[in-house]
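Some notes on the structure that comes next.
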Amino acid sequence: MTTHAYPGISPEGLDVDVSADVEALYSDGITARKGAFTKEWADRLREDVDAAFTDALARPGGAVGRGPNRYYVEIHPEQIRGFVELVDHPWVRSLCTAVLGPDYRIVELGFDVPLKGAVNQPWHRDFPMPEETRRGRRLTSLAINVTTVDTGEDMGPFEIAPGTQWDDSHEFEHGMFPPKLHYDGYLERAVRKYPQRGDISARTALAIHRGTKNESATSRPVVVLGIDGPEASNGDRHDTAVTRAYWESLPERARRHLDCPVVDELVPVTQKHTIEGLVMGNV
């Protein structure tokens, strides 16, 4: 494998050789699998996301703001028809195992929606740097992203400053928001991503990134699958659950990694993963 692979993991034990992807995560902070699914699969995902978004906006606490005209919604696995195909995709399973070990945990399912008029977010990371990363330069969680649209330049594409997952400064507000005097440096390094329907990406949420202005009339929903390694505790911020009947219908390989309560009846998620520094945006 690579020097960055989880201890004891080798390519022979994985369905897909993801050595180059592991290296990309440690160097750039992001990697991708083009054409992992069909466009028809992505279109079904968009239908389910749209239904969940409409429901979330209709109830208090159903969606949380991530800046003007930009929302985040956490959902339950049963709300999307392609959940099993996503979490059981060979590339997803292999990459999570290679980076986080065989006991990785699926702790979050949600989606970001930049609507028409969404503005540039402040540069940020999604949570403070864990001690395992600071001391050992080891990644302990991943964010898997799946676009539901073919991303265009005017649709507010995701922008990342490669390699900044290792940036560590007491100047970062709440450990997440670098001071504005750093912004020119991020802009010099910035790379915009234009995923198409059927593509999957994986990133460390520690790499400094932002959503950009959506100047089109089209929303750009992106599904987020949060994965923790043994040391991570991001699941504490999320309320994903499954019903008993759904749990029993899942393949054992999916159940093994799904870290959430099994309940008799689902309760709509009240969003609690608020990132206060994103609420106003950074026009």
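The values are calculated or read from the model by the stated rules, or taken from the named source; none is laboratory data. Treat the numbers as computed from the prediction; the structure is a model and nothing was measured. We place every Cβ from the backbone using ideal geometry, glycine too, and count neighbours over all the protein chains shown.
Values for this structure:
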| read-out | value |
| --- | --- |
| The stretch 168-193 residues that are among the aliphatic types (A, V, I, L, M), paired with ones that are part of a strand (DSSP E or B) (beta carbon under 6 Å, 6 or more apart) | Met176/His124; Ala190/Glu159; Val191/Ile160 |
| Top-ranked residue in the stretch 130-145 [being closer than 23 Å to Pro77 by Cα and of a type outside the set (S, T, N, Q); ranked as surrounded by the fewest Cβ atoms within 10 Å (Cβ to Cβ)] | Ala143 |
| Hits in the stretch 25-41 (condition: over 16 Å from the mean Cα position of the chain (by Cα), small (Gly, Ala, Ser) and not in a loop (DSSP other than H, G, I, E, B)) | Ser27 |
| Matching residues, the stretch 63-91, being of a type in the set (Val, Ile, Thr), in a helix (DSSP H, G or I) and surrounded by 21 or more Cβ atoms within 10 Å (Cβ to Cβ) | Val87 |
| Test: Val262 is modelled with pLDDT of 95 or more, more than 27 Å from Leu25 (Cα to Cα) and among the aliphatic types (A, V, I, L, M) | yes |
| Residue identified as surrounded by 18 or more Cβ atoms within 10 Å (Cβ to Cβ), closer than 18 Å to Thr151 by Cβ, within 19 Å of the chain's Cα centre (by Cα) and aromatic (Phe, Trp, Tyr) among Phe111, Phe127 | Phe111 |
| Given (1) over 21 Å from His89 (Cα atoms); (2) crowded, with 18+ Cβ neighbours inside 10 Å, index of the condition Leu181 fails | (2) |
| Members of the stretch 42-62 found to be hydrophobic (A, V, I, L, M, F, W, C) and either assigned to a helix (DSSP H, G or I) or crowded, with 20+ Cβ neighbours inside 10 Å (or both), listed by number | Ala42, Leu45, Val49, Ala51, Ala52, Phe53, Ala56, Leu57 |
| Residue tally, condition within 14 Å of the chain's Cα centre (by Cα) and not charged (D, E, K, R), over the stretch 216-249 | 10 |
| Check on Ser94, of a type in the set (S, T, N, Q), farther than 19 Å from Ala241 by Cβ and surrounded by 23 or more Cβ atoms within 10 Å (Cβ to Cβ) | no |
| Failed criterion for Met176 (all others in (1) among the aliphatic types (A, V, I, L, M); (2) surrounded by fewer than 20 Cβ atoms within 10 Å (Cβ to Cβ); (3) touching a His at 6+ places or on another chain (Cβ under 6 Å) hold) | (2) |
| Residue count for the stretch 33-44, restricted to those that are small (Gly, Ala, Ser) and within 15 Å of Pro90 (Cβ to Cβ) | 2 |
| Unmet criterion (only one of (1) at pLDDT 90 or above; (2) under 19 Å from the mean Cα position of the chain (by Cα); (3) not in a loop (DSSP other than H, G, I, E, B)) for Gly277 | (1) |
| Where a residue in the stretch 3-14 is surrounded by 10 or more Cβ atoms within 10 Å (Cβ to Cβ) and its partner, wherever it lies, is among the hydroxyl-bearing types (Ser, Thr, Tyr), with Cβ under 7 Å and at least six apart | His4/Tyr26; Ile9/Thr97; Pro11/Ser19; Leu14/Ser94; Leu14/Thr97 |
| Any chance Arg138 is over 16 Å from the mean Cα position of the chain (by Cα), assigned to a loop (DSSP other than H, G, I, E, B) and more than 17 Å from Arg192 (Cα to Cα) | yes |
| Leading residue by the ranking (surrounded by the most Cβ atoms within 10 Å (Cβ to Cβ)) among those in the stretch 208-246 that are in a helix (DSSP H, G or I) and either modelled with pLDDT under 95 or hydroxyl-bearing (Ser, Thr, Tyr) (or both) | Asn234 |
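Yes/no per residue for (1) of a type in the set (S, T, N, Q); (2) touching a helix residue (DSSP H, G or I) at 6+ places or on another chain (Cβ under 7 Å):
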{"site": "Ile227", "(1), (2)": "no, yes"}
{"site": "Ser233", "(1), (2)": "yes, no"}
{"site": "Arg244", "(1), (2)": "no, no"}
{"site": "Trp247", "(1), (2)": "no, yes"}
{"site": "Asp259", "(1), (2)": "no, yes"}
{"site": "Val262", "(1), (2)": "no, yes"}
